[in-house]
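Below you'll find the structure, written out as structure tokens, and then a few comments.
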């Protein structure tokens, strides 16, 4: 072994030029691979932080009637099926030790109507209990104008990005009630018309949901303008509204409806003791409709009832306890939800987030392919260089074989040379890559591009490298070394003593 | 005692569609401790004969026994072991490992035999002294003259105490004085270690060193001339 190492090392020094070429390739490959792995890890972490921690949790519960699992950015804003069984869902979720927190929300598309424009705009609505939303996603946006709504307040939080889009198409600049245009927050187009801005502090939203013909147009006061911490161009399409107003807007049953319209003593009369909402659409439906109409307006005008959980939702976002087994959690959750007759299913975040999750996978795949391509090229160059070196050294190798060196010795010698080069230059590349991964976040390289933000792993380029990631790179490098050495080894071991003599 | 026993040895080389016979049926026996020269014109088959005896080139047919063992039907691993343990080689072009110094080149076969580094070094030091290169022990081949390199090759060929040392025209690339000194050294080692030496040459001046001369022509051994 020492003999092989000695000969291999001295051969490297003897053929400095070739060794340097191979070394530079290995260094570059290892460096880019380390950095690539860092970017992939950072991206995975960034996606987790941005989407899971900041927008929709690890798992989403959606109605079993929902055709597509993608409920975030669905084609043409296809409606999300309502969930009317949250009262059944809640105890199931509360009983799971692997669930850290959960939040029921409404999510659908709405038209944005404005009397000054003939053409309606569109916005995604997320109906939430503002207090609970802040607990679930504490730092995913900042209120840049206005204020955060008080608990139970009917209000709309308008995203900064959507505001810019609305101005671009409808020339209306939304501002919070009682506020004016803040110059620093004006979009480029709005800034150009700063003196003639048409300001609006409320928006009329008309819910859009397939299968429901009774959506309402409701004027929402703009309580605040928000800016999402990351992926603002994607998440910035989502307006946050209070859940009761959302339900009103979508024509869903509000909690107020439920509380007011079906008092206990009347349930008996209506035959609704079992809480079967469907029966309301039976023969007694006319009675319920009449009954519903009167208290609804009252409910809309007074404070939201204390228990908003009675009404309709579309999605339940779930955060898992750190370290919880994802697949096992998903499986158990689906089992228990089905057993409880909730009519919902649990889907993973990457499916629920649709194109964003898919985009992340594509970018990760592309990066992986790029790194592998780089190494394939490196392997080809190393194979060629070493094979040529083997042929040039035919006399020396043949003589070694003549005086008793086995093929394994010759193979070991070539593998040793490649291994030393890999260890020295590849190792250097890995160290340089690790340093780069550590230094890059300190440079705070930012981007406004959302796709790059996914790649960056956050607001700024933030590659991340774990010990496992480094070990993976070392393993990949070892694999490259072995693959690159195989063919030259075959060439070298194929040289016979007779070849050496013939050359002489 | 015969160290080499060859019967009806034939070797053909394919050349395109034709077969070129190099050896046409050689019978030869070599005794232990012989200092034998194979002579003959270029293309007569002497190098081929040496290569087959040295397990470098396989025979087409016939029988070749080295140290009592038939070598024509062995695997590559077995043949390599024979080359390592039984045979020493001295090549025409001094073939040394360029990245190793004199001592390392000499001890190389012993390390292949898995001898301890200390034992190998001791034997190499003994031989480097015997071939008169003690002062050049840590020099690389590129720092040596042709004659010095051939001395290193002789030391390396003898380091494992082989039964046979094969030398293919060992003096061909040396001037006459150096060539003579190399042959004297080989002769000395032959006497010192009782090692069988077989060397090919077509230099008539070197024949005076041989105890036995085998003449080969057109792939056949002619009647042996009287030894010097």
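Odds and ends about this structure:
- Scanning segment B:81-90 for residues that are farther than 15 Å from residue B:153 by Cα and more than 8 Å from chain A (Cβ to nearest Cβ) yields B:82, B:86.
- Of all residues making up segment B:38-73, the number that are surrounded by fewer than 16 Cβ atoms within 10 Å (Cβ to Cβ) and either in the same structural domain as residue B:155 (by TED's automatic domain parsing) or under 24 Å from residue B:161 (Cβ atoms) (or both): 3
- Filter pass, residue A:202 being in contact with a strand residue (DSSP E or B) (Cβ under 6 Å, 6 or more places away or on another chain), at pLDDT below 85 and either surrounded by 18 or more Cβ atoms within 10 Å (Cβ to Cβ) or over 30 Å from residue A:65 (Cβ atoms) (or both): no
- Of all residues in segment A:23-39, none satisfies being touching a helix residue (DSSP H, G or I) at 6+ places or on another chain (Cβ under 9 Å) and on the phi > 0 side of the Ramachandran plot.
- Long-range neighbours under 6 Å by Cβ, at least six apart or interchain, first residue more than 16 Å from residue A:162 (Cα to Cα) within segment A:176-188, second assigned to a loop (DSSP other than H, G, I, E, B): A:177/A:201
- Which numbered condition residue A:347 fails, given (1) assigned to a helix (DSSP H, G or I); (2) surrounded by 15 or more Cβ atoms within 10 Å (Cβ to Cβ): (1)
- Candidates B:132, B:179, filtered to the one that is away from chain A (no Cβ under 14 Å) and over 18 Å from the mean Cα position of the chain (by Cα): B:132
- Residues being away from chain A (no Cβ under 12 Å) and in a helix (DSSP H, G or I) - total across segment B:140-154: 9
- Selected residue (criterion: farthest from the other protein chains (Cβ to nearest Cβ)) from residues of segment A:474-497 that are buried (at least 16 other Cβ atoms within 10 Å of the Cβ) and more than 14 Å from residue A:379 (Cβ to Cβ): A:474
- Residues satisfying the criterion are absent from segment A:443-458 (criterion: within 14 Å of another protein chain (Cβ to nearest Cβ) and surrounded by fewer than 23 Cβ atoms within 10 Å (Cβ to Cβ)).
- Taking the listed residues A:20, A:3, the one that is free of Cβ contacts under 8 Å to residues at least 60 places away in the same chain, assigned to a helix (DSSP H, G or I) and within 14 Å of chain B (Cβ to nearest Cβ) is A:3, with no other qualifying.
- All helices (runs of 4 or more DSSP H) inside segment A:355-422 with 1 or more residues being within 13 Å of another protein chain (Cβ to nearest Cβ) and in contact with a strand residue (DSSP E or B) (Cβ under 9 Å, 6 or more places away or on another chain): A:394-402
- As a summary of the residue check, residue B:127 satisfies the conditions (1) out of contact with any strand residue (DSSP E or B) (no Cβ under 6 Å at 6 or more places or on another chain); (2) facing chain A (nearest Cβ under 10 Å); (3) at pLDDT below 90 except for the one numbered (2).
- Residue that is nearest to the other protein chains (Cβ to nearest Cβ) [pool: residues in segment B:91-114 that are in contact with a helix residue (DSSP H, G or I) (Cβ under 6 Å, 6 or more places away or on another chain) and touching a residue at least 60 places away in the same chain (Cβ under 8 Å)]: B:96
- Every residue from segment B:194-212 that is over 15 Å from the mean Cα position of the chain (by Cα) and surrounded by 14 or more Cβ atoms within 10 Å (Cβ to Cβ): B:202, B:203, B:206, B:207, B:209, B:211, B:212
- Some residue of segment B:160-169 being touching a residue at least 12 places away in the same chain (Cβ under 8 Å) and over 29 Å from residue B:62 (Cα atoms): no
- Evaluation of residue B:117 against the conditions (1) surrounded by 19 or more Cβ atoms within 10 Å (Cβ to Cβ); (2) within 8 Å of chain A (Cβ to nearest Cβ); (3) out of contact with any strand residue (DSSP E or B) (no Cβ under 9 Å at 6 or more places or on another chain) shows that the sole unmet condition is (1).
- Total residues in segment A:75-119, condition closer than 19 Å to residue A:165 by Cα and part of a strand (DSSP E or B): 6
- Any chance residue B:78 is surrounded by fewer than 16 Cβ atoms within 10 Å (Cβ to Cβ), more than 10 Å from chain A (Cβ to nearest Cβ) and under 20 Å from the mean Cα position of the chain (by Cα): yes
The values are calculated or read from the model by the stated rules, or taken from the named source; none is laboratory data. Being a predicted model, the structure only gives us computed values, none of them experimental. All Cβ positions, even for glycine, are placed from backbone atoms using ideal geometry, and neighbour counts span all protein chains on display.
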